[in-house]
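The structure under discussion appears below in the form of structure tokens.
The values are calculated or read from the model by the stated rules, or taken from the named source; none is laboratory data. Source: prediction; values computed, not measured. With ideal geometry, Cβ positions are generated from the backbone for all residues, glycine too; neighbour counts draw on all protein chains shown. Note: accessible area is taken over every heavy atom of the protein model, side chains too, but ligands, DNA and RNA are not part of it. Shrake-Rupley method; radii C 1.70, N 1.55, O 1.52, S 1.80 Å.
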Amino acid sequence: MNNKTKRIIVYIVGLFILALGLTLNTKASLGVSPIISVPYSISQITGLNFGDLTFIEYALFVFVEIMIHLSEKNKKKIVADLLQLPLSLVFTRLLNIFSACIPTSSNFLVQLLILVLAIICTGIGAAMSLSMQLVPNPGDGIVQALAGKFNKSVGLTKNMFDCLSVCITLCISLIFAHTILGIGIGTVIAVLGVGRVIALFHHMFESQIIELVQG
């Protein structure tokens with residue numbers, strides 16, 4: 001098995017784990033990660049399918065990325081942007097499947113356990129898929145595009161984008177549901193914890209990642 005095939009396998013497995021992690025995050029009922037808080041809150045208010053709403057959000061991200069790269073006349077990145085659409089469709093179907101299969105719990109200790117599992121899975125899945133340097137998840141792609149457009153670091157842009165997502169979610173939930181939906185202690189823990197899991201994963205498997213990507 002050559003390195004390219006291995007990269008594709010690692011990438012696909014990473015997407016599965018990432019989808020599982022994001023779904024577990026919603027099932028913990030302690031607040032979801034910022035990037036999916038907007039479709040989650042709209043889903044809770046309207047009863048519309050969470051996966052479908054997430055796909056719409058991802059499609060909007062891809063549209064913005066394409067506009068940015070069109071202004072930069074970067075045809076190579078535009079192709080990569082377009083590839084995110086079929087990826088998003090498959091990814092959000094996984095969210096629906098996992099969401100239908102995984103139950104929720106009202107027990108606080110169980111919710112904490114689910115949240116911990118969600119953070120671990122989200123971090124590992126994101127690290128596996130991103131490190132293979134293939135088609136980025138739209139949530140990461142939009143951050144990278146904005147960071148390049150405004151000449152800011154990816155880390156700072158990610159923090160600002162997360163804050164914007166939380167603000168939009170708060171506005172939507174307070175205006176239409178008169179309560180806070182999707183934002184909680186789990187949101188804060190996810191923001192802090194996922195990054196640490198990604199860093200730990202890269203530290204533990206740095207040599208293997210380099211071998212796969214550069215080999």
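Quick notes on this structure:
- Taken over the stretch 144-175, the criterion of being under 13 Å from Pro34 (Cα atoms) and of a type in the set (A, V, I, L, M) is satisfied by Met160, Leu164, Val166, Ile168, Leu170.
- For the stretch 148-156, the condition holds for at least one residue, the condition being that it is touching a helix residue (DSSP H, G or I) at 6+ places or on another chain (Cβ under 9 Å), open to solvent by 70 Å² or more (accessible area, probe 1.4 Å) and touching a residue at least 12 places away in the same chain (Cβ under 8 Å).
- Per-region count, the stretch 201-215, residues open to solvent by 100 Å² or more (accessible area, probe 1.4 Å) and free of Cβ contacts under 8 Å to residues at least 40 places away in the same chain: 4
- Checking Leu112, Leu174, Leu117, Leu170 one by one, the residue that is open to solvent by 30 Å² or more (accessible area, probe 1.4 Å) and touching a helix residue (DSSP H, G or I) at 6+ places or on another chain (Cβ under 7 Å) is Leu117 and no other.
- A single member of Lys6, Lys27 is closer than 19 Å to Gln111 by Cα, among the basic types (Lys, Arg) and either at pLDDT below 95 or in contact with a Ser or Thr (Cβ under 8 Å, 6 or more places away or on another chain) (or both), and it is Lys27.
- Residue check, Ala190 under 20 Å from the mean Cα position of the chain (by Cα), touching a residue at least 12 places away in the same chain (Cβ under 8 Å) and open to solvent by less than 80 Å² (accessible area, probe 1.4 Å): yes
- Among the residues making up the stretch 74-85, those that are within 18 Å of Leu130 (Cβ to Cβ) and not small (Gly, Ala, Ser) are Lys77, Asp81, Leu83, Gln84.
- Here is the figure for the stretch 124-143: residues that are open to solvent by less than 30 Å² (accessible area, probe 1.4 Å) and closer than 17 Å to Glu206 by Cα total 7.
- For the stretch 109-139, filtering for residues that are in a loop (DSSP other than H, G, I, E, B) and within 15 Å of the chain's Cα centre (by Cα) leaves 3.
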